Amino acid sequence: MSTSTAAMIPAQRQRPLSWKNITQTILGGYVPLVAATLVVFLPLAWMIISSLKSPGEIVTTQLTILPQHPTMQNYVDAATSVPFARFFLNSVIVTTIASIIKCFLAIVTAYALVFVRFPFRRAIFLLILVALMVPPQVSVLPNYVLIAGMGGLNTYWGIILPGLGTAFGTFLLRQHFMTLPVSILESAEIDGANHWRRLWRIVFPISVPTIATVALVTIVTEWNDYIWPLIIVDNPNMMTLPVGLTLLSNSDSGSQAWGILMAGAVIVIVPILIIFAALQRYIVAGLTQGSVTG
Amino acid sequence: MSWLDASSAHAATEAMDEGDDGGPDQGARPGPGAGRRGRMKPPKSGAARNGSRRRTAGKYWTPRAKREAWVFLALALPNIVLIAFFTYRPLFANMYYSTLDWTLGSSVATAVGWGNYVEFFTSSDASTVLGITAIFTIATVGGAMFLGLLVAIALNAKVKGQGFARSAVFAPYVLSGVGVGLVWLFIFDPVYGVLSWILRGFGASSPQWINDPKLALVMVIIVYVWKNLGYCAVIYLAGLQSMPKDLMEAASLDGAGSFRRFMSITLPLLSPTTFFILITSLLSSLQAFDIIRIMTRTGNGTNTLIFESYLQAFSTYNRAGYSAAISVVLFVLLLLLTGAQLRFVERKVHYS
């Protein structure tokens with residue numbers, strides 16, 4: 001017994017730079033990593049490359065990987081066949097306004113749920129939790145009937161209003177506020193600070209990372225939001241980017257327009273990709289909430 | 001889902017209530033920091049607290065409590081009203097609409113009772129739509145979870161660039177489904193797509209991804225798995241990284257190989273993670289819309305419940321009542337899943 005154990009140990013321990021160790025690290029560690037990364041990046045790289053090609057290089061079966069004469073013509077064409085700059089502006093406006101209001105509402109609601117006394121706040125919190133599970137898609141038709149009836153077709157407020165109530169942000173912030181030390185707030189209360197001051201002078205500054213998470217997730221969801229803007233807007237001048245891209249893909253005759261469509265895809269995808277690259281820690285944390293500590 | 005296990009959070013709320021109201025129960029009032037400690041204890045440890053609570057119950061609406069209540073309403077009411085109006089009201093409105101024969105935009109509607117449901121379930125629509133929904137949901141959830149686990153295992157290797165690869169794999173999950181759908185539509189294009197070019201290189205001709213209904217469904221599933229795989233991978237990775245090291249070491253000292261260790265230790269210990277991913281993925285797959293809509297505009301073998309409901313109301317037919325009935329069917333399905341989650345999450349899958 002003891003001899004076999006003794007024989008096993010030297011077999012398992014190898015010099016760090018032995019050939020076996022290196023091949024093992026490469027095959028077991030790097031190959032799968034690189035493969036997984038490529039599966040993600042190649043389609044996106046293909047999108048960017050194609051958007052820089054001339055129509056002749058796209059509508060051909062003699063494929064060349066890289067554009068021979070990189071050109072921004074697809075972007076120009078996209079902007080002339082549909083009001084693309086307007087789509088971008090609309091997306092920026094809707095995302096900015098909706099995100100600011102949603103974050104504000106989430107912060108004050110979560111503060112109230114944790115720090116302000118009220119008889120039914122457990123029940124209210126439960127209602128918000130349940131709302132988290134109601135898919136927005138199911139509510140699209142009744143909300144359309146209501147908003148259209150109020151004259152909200154093709155307006156910014158019509159796009160923004162139904163999505164403003166925020167269960168996700170409220171929930172995330174409430175869970176975070178529960179972990180804050182009560183003693184800081186108590187001493188502020190004794191010093192005479194009212195709720196409003198306690199919220200913005202104490203709770204807000206020490207919760208910035210969680211608030212950033214909520215803000216980023218909200219920005220990403222608003223920017224990508226599709227089904228609601230798709231049905232509430234039919235005037236090209238009021239369309240957001242995803243809806244405008246739909247118009248572009250409907251209007252242009254299929255294969256001729258791939259370059260233009262790729263240019264459109266770049267404009268809707270790349271801003272989020274940049275935000276994600278810079279702040280991915282917060283976004284991943286927010287979107288995978290609830291999974292950790294199982 | 002840790003956040004559904006509200007008991008610890010509940011204890012904290014009570015502890016804070018106690019600290020908040022001062023007044024008659026000064027003696028029982030916990031000192032600074034007690035709220036924090038209270039959170040760690042199970043709720044029933046506060047027998048003394050319950051006693052003091054009963055004593056103050058009679059004086060609930062002191063002027064101070066009233067002022068607090070007003071502050072609460074001022075802060076929370078706007079959000080609550082919005083949620084009630086645009087999330088809860090539509091649920092009931094849908095149930096009402098589903099009993100109507102109603103063309104969207106028309107001012108007349110006839111009540112038809114269960115008519116829309118009867119029509120849906122007796123026509124061929126039900127088997128088609130439910131079948132497609134089942135195939136799409138099972139394939140996307142199964143595919144993303146299986147590949148996600150494989151990627152998580154790869155990411156778990158301690159090599160340089162692991163953090164970068166983790167972010168890269170997650171990236172598609174945050175991208176616009178419309179943009180992603182268009183990119184893949186171009187890749188799948190049977191004539192000009194890069195996939196058909198590769199296939200031609202092998203002497204094969206490209207399948208008709210877009211025109212053939214069966215292949216259109218496969219195409220949409222592939223793209224959806226590509227977009228959601230990173231979500232599963234990142235959560236599985238967190239699960240893998242919280243594996244108890246001592247158990248693994250003990251098993252390998254006992255001579256268990258790495259495959260054996262994975263099957264007998266890692267996989268069972270991952271079951272809470274698996275269950276969490278399973279439920280959240282099922283819910284989001286059942287709601288998948290943007291990729292399906294942009295890749296198959298009018299539905300071609302890709303009519304899942306959510307897409308069929310959209311097409312009925314907003315595409316050609318404007319059949320609001322029928323669409324609402326399909327939405328209700330979808331909602332009931334989601335409700336059953338959520339119920340199953342709440343029931344099983346505590347019982348089935350805890351090892352610690």
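At a glance:
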read-out: Boolean, B:PHE146 is at pLDDT 85 or above, assigned to a helix (DSSP H, G or I) and either more than 14 Å from every other protein chain (Cβ to nearest Cβ) or open to solvent by less than 80 Å² (accessible area, probe 1.4 Å) (or both); value: no
read-out: Selection status of A:LEU180, open to solvent by less than 20 Å² (accessible area, probe 1.4 Å), over 30 Å from A:LEU273 (Cβ atoms) and within 11 Å of another protein chain (Cβ to nearest Cβ); value: yes
read-out: Any hit, segment A:197-220, residues being facing chain B (nearest Cβ under 10 Å) and without any contact (Cβ under 8 Å) to a residue 60 or more places away in the chain; value: no
read-out: Residue check, B:SER309 within 20 Å of B:THR338 (Cα to Cα), in a helix (DSSP H, G or I) and at pLDDT 90 or above; value: no
read-out: Residues of segment A:121-148 classified as at the interface with chain B (Cβ under 7 Å from one of its Cβ atoms) and either assigned to a loop (DSSP other than H, G, I, E, B) or at positive phi (or both), total; value: 3
read-out: Criterion (open to solvent by 30 Å² or more (accessible area, probe 1.4 Å), more than 7 Å from chain B (Cβ to nearest Cβ), more than 25 Å from A:VAL270 (Cβ to Cβ) and not hydrophobic (A, V, I, L, M, F, W, C)) met by exactly one of A:GLY151, A:GLY163, A:GLY158; value: A:GLY151
read-out: Residues (part of a strand (DSSP E or B), surrounded by 11 or more Cβ atoms within 10 Å (Cβ to Cβ) and either modelled with pLDDT under 85 or within 14 Å of chain A (Cβ to nearest Cβ) (or both)) located in segment B:89-110; value: B:LEU100, B:TRP102, B:THR103, B:ALA109
read-out: Residues (under 11 Å from A:THR61 (Cβ atoms) and either within 36 Å of the chain's Cα centre (by Cα) or crowded, with 17+ Cβ neighbours inside 10 Å (or both)) located in segment B:198-211; value: B:SER206
read-out: Residue check, A:THR221 of a type in the set (Val, Ile, Thr) and buried (at least 22 other Cβ atoms within 10 Å of the Cβ); value: no
read-out: Selection status of B:SER176, at pLDDT below 90 and within 30 Å of A:PRO55 (Cβ to Cβ); value: no
read-out: Hey, B:SER242 surrounded by fewer than 16 Cβ atoms within 10 Å (Cβ to Cβ), within 13 Å of chain A (Cβ to nearest Cβ) and more than 22 Å from B:THR304 (Cβ to Cβ) or not; value: yes
read-out: Failed item in (1) crowded, with 22+ Cβ neighbours inside 10 Å; (2) at pLDDT 95 or above, with B:PHE170 passing the rest; value: (2)
read-out: Where a residue in segment B:305-329 is facing chain A (nearest Cβ under 10 Å) and more than 15 Å from B:ALA93 (Cα to Cα) and its partner, wherever it lies, is of a type in the set (Lys, Arg) and buried (at least 24 other Cβ atoms within 10 Å of the Cβ), with Cβ under 9 Å and at least six apart; value: B:PHE307/B:ARG293; B:TYR310/B:ARG293
read-out: Residues within segment A:74-120 that are more than 11 Å from every other protein chain (Cβ to nearest Cβ), assigned to a loop (DSSP other than H, G, I, E, B) and not aliphatic (A, V, I, L, M), tallied; value: 1
read-out: Residue match in segment A:252-264 (condition: touching a Pro at 6+ places or on another chain (Cβ under 8 Å), outside the structural domain of A:ARG121 (by TED's automatic domain parsing) and either of a type in the set (A, V, I, L, M, F, W, C) or open to solvent by 20 Å² or more (accessible area, probe 1.4 Å) (or both)); value: yes
read-out: Among (1) open to solvent by 10 Å² or more (accessible area, probe 1.4 Å); (2) under 20 Å from A:PRO229 (Cβ atoms); (3) touching a residue at least 40 places away in the same chain (Cβ under 8 Å), the one test that A:ASP77 misses; value: (2)
read-out: Residues of segment A:125-148 satisfying the condition of being of a type outside the set (A, V, I, L, M, F, W, C) and either open to solvent by 50 Å² or more (accessible area, probe 1.4 Å) or without any contact (Cβ under 8 Å) to a residue 24 or more places away in the chain (or both); value: A:PRO135, A:PRO136, A:SER139, A:PRO142
read-out: Residue that is under 14 Å from B:ILE187 (Cβ atoms), open to solvent by 70 Å² or more (accessible area, probe 1.4 Å) and of a type outside the set (D, E, K, R), where the choices are A:LEU27, A:LEU63, A:LEU42, A:LEU17; value: A:LEU42
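Here's the yes/no breakdown for (1) surrounded by 18 or more Cβ atoms within 10 Å (Cβ to Cβ); (2) in contact with an Asp or Glu (Cβ under 6 Å, 6 or more places away or on another chain); (3) among the small types (Gly, Ala, Ser); (4) more than 10 Å from chain A (Cβ to nearest Cβ):
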residue	(1), (2), (3), (4)
B:VAL112	yes, yes, no, yes
B:GLY115	no, no, yes, yes
B:PHE120	yes, no, no, yes
B:SER123	no, no, yes, yes
B:THR137	yes, no, no, yes
B:VAL159	no, no, no, no
B:VAL183	yes, no, no, no
B:PHE188	yes, no, no, yes
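The values are calculated or read from the model by the stated rules, or taken from the named source; none is laboratory data. Just so it is clear, the structure is predicted and the values come from calculations on it, not from any experiment. For neighbour counting, all protein chains shown are included, and Cβ atoms are generated from backbone atoms with ideal geometry for every residue, glycine included. The protein model used for the area step is the full one, side chains on, heavy atoms only, and it has no ligands, DNA or RNA in it. Shrake-Rupley method; radii C 1.70, N 1.55, O 1.52, S 1.80 Å.
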